[in-house]
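Q: Before I ask anything, let me first share the structure, which is written out below as C-alpha cells.
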Amino acid sequence: MAQGTIKDYEDETKAGSLLLEDGREVSIDADSIGDEAIRTLRLGQRVKFDLVEADGGLLSRDLRLVTFD
C-alpha cells in the first residue's frame with residue numbers, strides 16, 4: 001500500500017492529484033472518494049491507497065486517510 005500527500009483537490013468534481021514520496025504525481029480516482037469516512041481532502045493531507053496503472057499513467061484507488069494512533 002502506497003502513501004502520499006494531497007497536491008490539489010476539487011470537492012465538487014472529486015478530481016485532484018497527490019504526490020508519492022519519491023515525487024511522482026498520481027491522479028486521484030474520483031470513485032475512490034465515495035467512502036463516508038472521507039468528506040473532503042485538504043492540501044498536504046497524508047493518504048494511503050492502492051496504486052494502479054490506467055490509461056498510461058498512475059492512478060490511486062481505495063483512498064484512505066492516514067491516522068496517527
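Please treat every number below as a calculation from the coordinates, not as lab data. Every value quoted in this text rests on a predicted model; they were computed, and no experiment measured them. Neighbour counts are summed over all protein chains in view; Cβ atoms, including those assigned to glycine, are modelled from backbone coordinates with ideal geometry.
Q: Using the count of nearby Cβ atoms within 10 Å as a rough guide to exposure, how do Leu59, Leu18, Leu41 rank from fewest to most? Present the calculation step by step, with values, prior to reporting the outcome.
A: Working: Leu59 16, Leu18 25, Leu41 20.
If I rank by nearby Cβ atoms, fewest first, I get Leu59, Leu41, Leu18.
Q: In what sequence do Ser60, Ser27 fall when counting other Cβ within 10 Å, fewest first?
A: The fewest-first ordering by Cβ neighbours comes to Ser27, Ser60.
Q: Could you run the Debye sum over the Cα atoms of segment 2-65, one equal point scatterer each and no solvent, and tell me log10 of I(q)/I(0) at q = 0.13, 0.16, 0.24 Å⁻¹, two decimals?
A: -0.27, -0.42, -1.00
Q: If you put +1 on each Lys and Arg Cβ and -1 on each Asp and Glu Cβ, how big is the dipole of the chain around its Cα centre, in Debye rounded to 20?
A: Result for the chain is approximately 240 debye, rounded to the nearest 20.
Q: Ranking Glu12, Glu25, Glu53 by Cβ neighbours within 10 Å, fewest first, what do you get?
A: The fewest-first ordering by Cβ neighbours comes to Glu12, Glu53, Glu25.
Q: Pull up the DSSP beta bridges for segment 2-65 and report the antiparallel fraction as a percent, rounded to 5.
A: Within segment 2-65, antiparallel bridges account for around 90 percent of the total.
Q: Test of the criteria: in segment 2-69, which chymotrypsin sites (Phe, Trp or Tyr not before Pro) are in a DSSP loop and have at most 12 other Cβ atoms within 10 angstrom of their Cβ?
A: For chymotrypsin sites (Phe, Trp or Tyr not before Pro) across segment 2-69 that sit outside H, G, I, E and B with at most 12 neighbouring Cβ atoms in 10 Å, the list reads Phe68.
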